[in-house]
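**Student:** Below: one structure in structure tokens.
The values are calculated or read from the model by the stated rules, or taken from the named source; none is laboratory data. Quantities reported herein were computed from a predicted structural model and do not represent experimental measurements. Cβ placement follows ideal geometry from the backbone for every residue including glycine, while neighbour counts extend to all protein chains displayed. Just the protein is used for accessible areas: all its heavy atoms, side chains included, with ligands, DNA and RNA removed. Shrake-Rupley method; radii C 1.70, N 1.55, O 1.52, S 1.80 Å.
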Amino acid sequence: MTTTQPSTPQSAMRLRELVFGAACAAAIRAAASLEVADALGEEPMTVAELASAVRVEPGPLKRLLRALSSYGVFAEADGGRYTHTDMSLQLRKDTPNSLHYIALWCTEPWTWQAWPRLDEAVRSGQSVFPDLFGKEFFTYLHEDAGESAKVFDKAMTRSSRQSAADLAGFLVLDGVESIADIGGGQGHVLADLLGKHPEVQGTLLDLPQVIERADARLREGGALASRARLVPGDCRIEVPVQADLYIIKNLLEWDDDSTRRTLRNVVAAARPGARVVAVENLVDDSPSMRFTTAMDLLLLLNVGGAKHTRASMFARLTEAGLRVDEVRAVNPYLHAFECRVPG
């Protein structure tokens, strides 16, 4: 006898899957934490072999792999063995464009406490973090969540290295003798640019604890140290640097006040005619709208910030007194706003 299953409207099925989106994120986090992708080699492995390699129970691991395979993260082969997919390979720590630490960062313990408060953030337009944890996001991260802070640093370092090469290849430095990387983190963009352009001098400005961990190429004894200056400071308070080119990458997504102060300080420090390149992810011009809009909501939750649209970036830059000459794609995820300080 043949049993006919009742049909389920596609929209209802899809919504049910979305409602359980946390399960997918948790499964990816579990696989990354257990380093399942690192244990799985080039040849298919049984669940028992994988379980032994990562020291877990085979039964629950099979359930985890089954769930992830339904999303295309790992794949089940003949004989109940599992193989890599393009996505699972990116969970390996040794993959050139690894997303291992990004996967962990986006699912850190504090995120599970913050997401249920999204309705409050939408209602107020403010970060829920101080009310939830009693202090601002980055203060909490460095004072109370040391392990999470380490994951954040590794995730940002990996992401920065990946985009630094793209940006160094994208920027034309004709006529540029000096660069200032404002809030440039560990300085991977600056180091790549100085390495490519031996006639250029560079300055990295960021918080003291960040400058201490600057790219080894820029620090004393490094290959680029003679052409690099490391300046500890807060760009929201002052930009004590004059340069031909200012780079501001993924920095203008804090709260509006911080963004306005940073841009105002850059314009105040720069000579007339100086070039300013602001590089950001956009929420209205991306091949991955689900990712950029999710990051936008996370910024609302944790710092009261926002990812920009093309129009909102243009508005912030012109409001600060900059002339926007051109907007170009650096790669599928980043756009560069080419600006000048009016003469």
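**Student:** Mind checking which residues of the range 200-225 are among the charged types (D, E, K, R) and out of contact with any helix residue (DSSP H, G or I) (no Cβ under 9 Å at 6 or more places or on another chain)? Give the derivation first.
**Tutor:** In the first step, residues of the range 200-225 are kept if they are among the charged types (D, E, K, R); the result is 206, 212-213, 215, 217, 219-220.
Listed by number, the residues that qualify are Asp206, Glu212, Glu220.
**Student:** Residue by residue through the range 168-193, note down the ones that are open to solvent by 20 Å² or more (accessible area, probe 1.4 Å) and among the hydrophobic types (A, V, I, L, M, F, W, C).
**Tutor:** Scanning the range 168-193 gives Phe170, Val172.
**Student:** From the residues in the range 35-77 that are assigned to a loop (DSSP other than H, G, I, E, B) and hydroxyl-bearing (Ser, Thr, Tyr), which one is farthest from Asp94 (Cα to Cα)? Don't jump to the end; show me each part of the working.
**Tutor:** Let us first name the residues in the range 35-77 that are assigned to a loop (DSSP other than H, G, I, E, B), namely 35, 40-44, 55-57, 70-74, 77.
Filter once more, keeping what is hydroxyl-bearing (Ser, Thr, Tyr): 70-71.
Values: Ser70: 24, Tyr71: 22 Å.
Within the range 35-77, the match that is farthest from Asp94 (Cα to Cα) is Ser70.
**Student:** Let me ask something else. Suppose the filter is of a type outside the set (Lys, Arg), within 22 Å of the chain's Cα centre (by Cα) and outside any loop (DSSP other than H, G, I, E, B); does Leu91 pass it? Step through it out loud before you land on a result.
**Tutor:** Numbers: of a type outside the set (Lys, Arg): yes; within 22 Å of the chain's Cα centre (by Cα): yes; outside any loop (DSSP other than H, G, I, E, B): no.
Judged against the criteria, Leu91 is not a match.
Residue-by-condition table, conditions (1) of a type in the set (Phe, Trp, Tyr); (2) touching a Pro at 6+ places or on another chain (Cβ under 7 Å):
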residue	(1), (2)
Gln201	no, no
Ala223	no, no
Gly233	no, yes
Trp254	yes, no
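**Student:** Please tell me if Asp284 is touching a residue at least 12 places away in the same chain (Cβ under 8 Å), of a type in the set (D, E, K, R) and farther than 23 Å from Phe138 by Cβ.
**Tutor:** Values: touching a residue at least 12 places away in the same chain (Cβ under 8 Å): yes; of a type in the set (D, E, K, R): yes; farther than 23 Å from Phe138 by Cβ: yes.
Considered against the rule, which asks whether it is touching a residue at least 12 places away in the same chain (Cβ under 8 Å), of a type in the set (D, E, K, R) and farther than 23 Å from Phe138 by Cβ, Asp284 comes out as yes.
**Student:** Considering each residue of the range 188-213, count those that are at pLDDT 95 or above and in a loop (DSSP other than H, G, I, E, B), and give that number.
**Tutor:** Residues meeting the conditions: 4.
**Student:** I'd like the full set of residues that are more than 20 Å from Leu171 (Cα to Cα) and loosely packed, with under 14 Cβ neighbours inside 10 Å, limited to the range 194-222.
**Tutor:** Result: Pro208, Gln209, Glu212, Glu220, Gly221.
**Student:** Taking only the range 102-126 into account, find how many residues are open to solvent by less than 60 Å² (accessible area, probe 1.4 Å) and either at pLDDT 95 or above or in a helix (DSSP H, G or I) (or both). Give the steps one after another, and end with the answer.
**Tutor:** Keep residues of the range 102-126 that are open to solvent by less than 60 Å² (accessible area, probe 1.4 Å), which gives 102-108, 110-111, 114, 117-118, 121, 125.
Among the residues that remain, those that are also either at pLDDT 95 or above or in a helix (DSSP H, G or I) (or both) are: 102-108, 110-111, 114, 117-118, 121.
Going through the range 102-126 one residue at a time, the tally reaches 13.
**Student:** Consider Ala26 carefully, then state whether it is part of a helix (DSSP H, G or I) and open to solvent by 40 Å² or more (accessible area, probe 1.4 Å). Give the steps one after another, and end with the answer.
**Tutor:** Details: part of a helix (DSSP H, G or I): yes; open to solvent by 40 Å² or more (accessible area, probe 1.4 Å): yes.
Considered against the rule, which asks whether it is part of a helix (DSSP H, G or I) and open to solvent by 40 Å² or more (accessible area, probe 1.4 Å), Ala26 comes out as yes.
**Student:** Here's another thing I want to ask about it. Name the one entry in Val231, Val241 that is at pLDDT 95 or above and under 21 Å from Asp174 (Cα atoms). Walk me through it before giving the result.
**Tutor:** Numbers: Val231 fails: under 21 Å from Asp174 (Cα atoms).
Selected residue: Val241, the only one of Val231, Val241 that is at pLDDT 95 or above and under 21 Å from Asp174 (Cα atoms).
**Student:** Additional query: What is the number of the single condition among (1) touching a residue at least 24 places away in the same chain (Cβ under 8 Å); (2) touching a helix residue (DSSP H, G or I) at 6+ places or on another chain (Cβ under 6 Å); (3) surrounded by 16 or more Cβ atoms within 10 Å (Cβ to Cβ) that Lys62 does not meet?
**Tutor:** Failing condition for Lys62: (1).
**Student:** Mind listing just one residue for me: the one in the range 129-163 that is among the aromatic types (Phe, Trp, Tyr) and closer than 21 Å to Ile211 by Cβ and, of those, most open to solvent (accessible area, probe 1.4 Å)? Walk me through how you get there before you give the answer.
**Tutor:** At the first step, the residues of the range 129-163 found to be among the aromatic types (Phe, Trp, Tyr) are 129, 133, 137-138, 140, 152.
Of the ones still in play, those that are also closer than 21 Å to Ile211 by Cβ are 137-138, 152.
Values: Phe137: 7, Phe138: 87, Phe152: 39 Å².
Per the criteria, the residue is Phe138.
**Student:** For the range 181-222, which residues satisfy the criterion of being more than 21 Å from the chain's Cα centre (by Cα), of a type in the set (A, V, I, L, M, F, W, C) and closer than 25 Å to Val267 by Cα?
**Tutor:** Those that are more than 21 Å from the chain's Cα centre (by Cα), of a type in the set (A, V, I, L, M, F, W, C) and closer than 25 Å to Val267 by Cα: Leu194, Val200.
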